[in-house]
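Below you'll find the structure, written out as structure tokens, and then a few comments.
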Amino acid sequence: RNEQLIVITGIREDGFFQEAMRANGSSEWIKEAVRVGKIPKVHEWRINLVTGKVTERYLFSIPLETPRINDAFVGRRNRYAYAGRVLLSELESTTQLKFDAVVKIDMQEQKTVTYEHGPNRYGMEAQFVGRPGGVDEDDGWLVMYVHDESYTATDVNGRTECVIIDAQDVEAGPVATILLPERVPYGAHCMWRADLKYPGATFE
């Protein structure tokens, strides 16, 4: 159609975190942002290299953050992304950013599938780990930490697990769960280094 398009899909947050981390008044700002729907969501920008026109739209209304893709597709056309679903009730009441589910986004079919971590269980950013020899973009696993706050009544450290989910069957839930010896504090981002799989290996 005489079009050359660059399509960028990401989380649009309209200054949410800039305002949420300011020194004064951040709690009130967050609560109001949740009430009016000014929350991070999946957004699409289409840049037409022929006409110079830029169009944009929200793809889903689900509040999401910490999006990840198969790193082998960085800078290339990709179909799938994975993100944490923001628990809005917690965000509005305590202004804490907690992810109660992991969501797989299919941008080609314009649909999502979700795995919920369960009551009082909150996940961190999911890292995609490709299956060795895998060909399909989503052939691999999502690896993440999930913290269970139900245990804090009896154990001040709570309970943290490393949860592994088949990226091609997210709704089925974990294929493996590893109980960790101590709590891993909530964090924003993560990485996977396949070349550090041997005992004694270092980043150097």
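The values are calculated or read from the model by the stated rules, or taken from the named source; none is laboratory data. Please read all numbers here as calculations on a predicted model, not as lab measurements. Positions of Cβ are generated from backbone atoms using ideal geometry, with glycine treated the same way; all protein chains shown enter the neighbour counts. Calculation scope for accessible area: heavy atoms of the full protein, side chains included, ligands and nucleic acids excluded. Shrake-Rupley method; radii C 1.70, N 1.55, O 1.52, S 1.80 Å.
Tyr80 - would you say it is among the aromatic types (Phe, Trp, Tyr), open to solvent by 60 Å² or more (accessible area, probe 1.4 Å) and at pLDDT 90 or above?
Here the answer is no, as Tyr80 does not meet what is asked.
Which residues, taken from segment 116-147, are farther than 20 Å from Leu91 by Cβ and either in contact (Cβ under 8 Å) with a residue 60 or more places away in the chain or not in a loop (DSSP other than H, G, I, E, B) (or both)?
Gln127, Phe128, Val129, Gly130, Glu137, Asp138, Gly140, Trp141, Leu142, Val143
If I filter segment 89-106 for residues that are within 18 Å of the chain's Cα centre (by Cα), surrounded by fewer than 19 Cβ atoms within 10 Å (Cβ to Cβ) and assigned to a strand (DSSP E or B), do I get at least one hit?
Scanning segment 89-106 turns up at least one residue that is within 18 Å of the chain's Cα centre (by Cα), surrounded by fewer than 19 Cβ atoms within 10 Å (Cβ to Cβ) and assigned to a strand (DSSP E or B).
Within 18 Å of Gln108 (Cα to Cα), among the aliphatic types (A, V, I, L, M) and in contact with a Leu (Cβ under 9 Å, 6 or more places away or on another chain): is that true of Val7 in this structure? Spell out how you get there, then give the answer.
On the way: within 18 Å of Gln108 (Cα to Cα): yes; among the aliphatic types (A, V, I, L, M): yes; in contact with a Leu (Cβ under 9 Å, 6 or more places away or on another chain): no.
In short, no.
Out of (1) crowded, with 16+ Cβ neighbours inside 10 Å; (2) in contact (Cβ under 8 Å) with a residue 40 or more places away in the chain, what's the single condition that is false for Arg46?
With (1) crowded, with 16+ Cβ neighbours inside 10 Å; (2) in contact (Cβ under 8 Å) with a residue 40 or more places away in the chain applied to Arg46, the lone miss is (1).
Residues in segment 147-187 that are at pLDDT 70 or above, open to solvent by 60 Å² or more (accessible area, probe 1.4 Å) and either among the aliphatic types (A, V, I, L, M) or under 17 Å from Val102 (Cβ atoms) (or both): how many?
So the answer is 9.
Can you pull out every residue in segment 49-69 that is loosely packed, with under 14 Cβ neighbours inside 10 Å and either among the β-branched types (Val, Ile, Thr) or in contact with a helix residue (DSSP H, G or I) (Cβ under 6 Å, 6 or more places away or on another chain) (or both)?
Once the filter is applied, which keeps residues that are loosely packed, with under 14 Cβ neighbours inside 10 Å and either among the β-branched types (Val, Ile, Thr) or in contact with a helix residue (DSSP H, G or I) (Cβ under 6 Å, 6 or more places away or on another chain) (or both), segment 49-69 yields Val50, Thr51, Val54, Thr55.
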